[in-house]
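See structure below.
The values are calculated or read from the model by the stated rules, or taken from the named source; none is laboratory data. The structure presented is a predicted model; accordingly, all values stated were derived computationally and were not measured. Here the Cβ positions follow ideal geometry from the backbone for every residue, glycine too, while neighbour counts run over all protein chains shown. Heavy atoms of the whole protein, side chains included, go into the accessibility calculation; ligands, DNA and RNA do not. Shrake-Rupley method; radii C 1.70, N 1.55, O 1.52, S 1.80 Å.
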Amino acid sequence: MSFAWPTGFERVLDEEWTRADLDTLALKYDTVENHGWYRNLEPTLDQLAAHLRDGMTLIDYSGGTGILLDRLLHRIPAVQAGYLLVDSSPKFLRLALEKLGREPRVGFRLIHFLKAEKRLQLLDEVLPAPMIGRFDALASTNAIHLYYDLDDTLRSWHRALRSGGRAFVQSGNIRNPDAAPGDWIIDATVEQIDAVARDLVRERPAYAAFRAGVDDAARMREYDKLREKFFLPVRPLAYYVDQFRAAGFGVVDVTTRSIQAEVADWYQFLAAYHEGVLGWAGGSRRIDGAEPAEETVTLRLALMRDALDRIFGGKPSFQASWTYLTCERP
Ligand SMILES: C[S@@+](CC[C@H](N)C(=O)[O-])C[C@H]1O[C@@H](n2cnc3c(N)ncnc32)[C@H](O)[C@@H]1O
């Protein structure tokens, strides 16, 4: 028997984002699917494959462009479960709809930004009332470090799950005391790129055009703030464990893995966010009032690549630590 959503449940609501063109940045993001470091999803897929059975429902919270669900459908094709992909980005969700919209087991929900209240909707605000408290599982991959209202978010997950329902969460941006010595926190490479790029600009004539701006301390502080908007300060594992417990979850398991990342892949990923990584090299409209010229961006990207080579001593790959948390609604 195939999976059936509850009567009256619409897999896709008639909303504006469903009719938009595919977005370039979302398409670029989606290429991480081919990156070695996206093996970070494998332990989560193992956990979901072990947990899910026919008739169950899973929320892929912050499911983005649908990489996890696409892999899960290939991993356990015969399981007749329902998968609800929930995300706050209409552009990412649009691409996920393109990839998975024809699969009847997959539904989609956009978390809207409520302008008057200056906040994102909570999970239970985008679920049909009869389904709240009924979900068997929730996954959140590569995203929990981005939630600015973690407490409210976790409490809404708790309300969405049934008793015994599990949240499978993972991120490479958690400071974990059990990480292997020498393993990177993946976003911490961005701060290093910034520091090394400043040295390279002072040392190498090729980057002389960026020198004047580097010595302007007030301007550089503005770019530090911009970088922290793109890549948030990293929080420790204990903070997440405490937040899950405070929201009513039991923490069933915490596992740490070392994931190999190719420097070339990581460069390709960061290149899409070059304004946040090295905006000071050539300037950004948000801070200097003008967009950099195309050739300036090309030079900025060369600087980013050189900085990565110096950081990793020219090696082709580095190890990064990923943290996996399994939590249960009692
Ligand atoms: C790095 S992507 C990860 C996407 C996907 N889970 C994966 O592993 O490929 C982070 C995702 O979190 C979403 N996101 C960012 N801030 C969020 C928030 N406050 N609440 C819910 N989702 C958020 C983004 O729209 C994006 O899809």
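In a Gaussian network model over the chain where Cα atoms closer than 10 Å are linked, find which of Gly282, Gly313, Gly66 has the largest mean-square fluctuation.
Gly313
Hey, could you pull the Cα Rg and Dmax for the chain, both in Å?
Reported Rg and Dmax, both Å: 21.0, 68.
Using the Cα centre as the reference, give the magnitude of the dipole from point charges on the C-beta atoms of the stretch 177-304 (Lys, Arg: +1; Asp, Glu: -1; all else neutral), rounded to the nearest 20 debye.
With only Lys, Arg, Asp and Glu charged at Cβ, the dipole is about 280 debye.
Relative contact order for the chain: what percent, with Cα pairs under 8 Å and sequence separation of 6 or more?
Working: 543 pairs, mean separation 66.2, N = 330.
In percent, rounded to a whole number, it is 20.
Would you work out which of Tyr207, Phe168, Val86 lies farthest towards the positive end of the dipole of the chain, given +1 charges on the beta-carbon of Lys and Arg and -1 on that of Asp and Glu, about the Cα centre?
The listed residue farthest towards the positive side: Phe168.
Only bridges with both residues in the chain count here: give the DSSP antiparallel percent, nearest 5.
So the antiparallel bridges in the chain amount to around 50 percent.
Rounded, prolate or oblate: which fits the stretch 11-160 when a ≥ b ≥ c are the square roots of the eigenvalues of the alpha-carbon gyration tensor, with rounded for a/c under 1.5 and prolate only if a/b beats b/c?
rounded
Sort 13-20, 58-65 by packing, meaning the average of other beta carbons within 10 Å per residue, with the highest value first.
Result, highest mean first: 58-65, 13-20.
Report the relative contact order of the stretch 1-103, percent, no decimals, based on alpha-carbon pairs under 8 angstrom and at least 6 residues apart.
36 percent
Within 10 Å, count the other beta carbons around each residue, average over each peptide in 113-120, 203-210, and list them highest first.
Working: 113-120: 10.1, 203-210: 13.5.
Answer by packing, highest mean first, reads 203-210, 113-120.
Tell me, what ³J(HN,Hα) does each residue in the stretch 211-218 have, in order and in whole Hz, if you take phi through Karplus 6.51 cos²θ - 1.76 cosθ + 1.60 with θ = phi - 60° and put x for Gly and Pro?
5, 4, x, 5, 8, 8, 4, 5
To the nearest 10 Å², what's Asp265's accessible area with a 1.4 Å probe?
About 30 Å², rounded to the nearest 10.
If you place +1 on the Cβ of every Lys and Arg, -1 on the Cβ of every Asp and Glu, and leave all else neutral, what size is the dipole of the stretch 59-99 about its Cα centre, to the nearest 20 Debye? Please report the intermediate quantities before stating the final value.
Numbers: 5 positive and 4 negative charges, 17 e Å.
Here the stretch 59-99 has a charge dipole of around 80 debye.
Within 10 Å, count the other beta carbons around each residue, average over each peptide in 177-185, 127-135, and list them highest first.
The densest-packed peptide leads the list: 127-135, 177-185.
About the Cα centre of the chain, how large is the charge dipole given +1 on each Lys and Arg Cβ and -1 on each Asp and Glu Cβ? Please answer in debye to the nearest 20.
The calculated dipole for the chain is roughly 400 debye.
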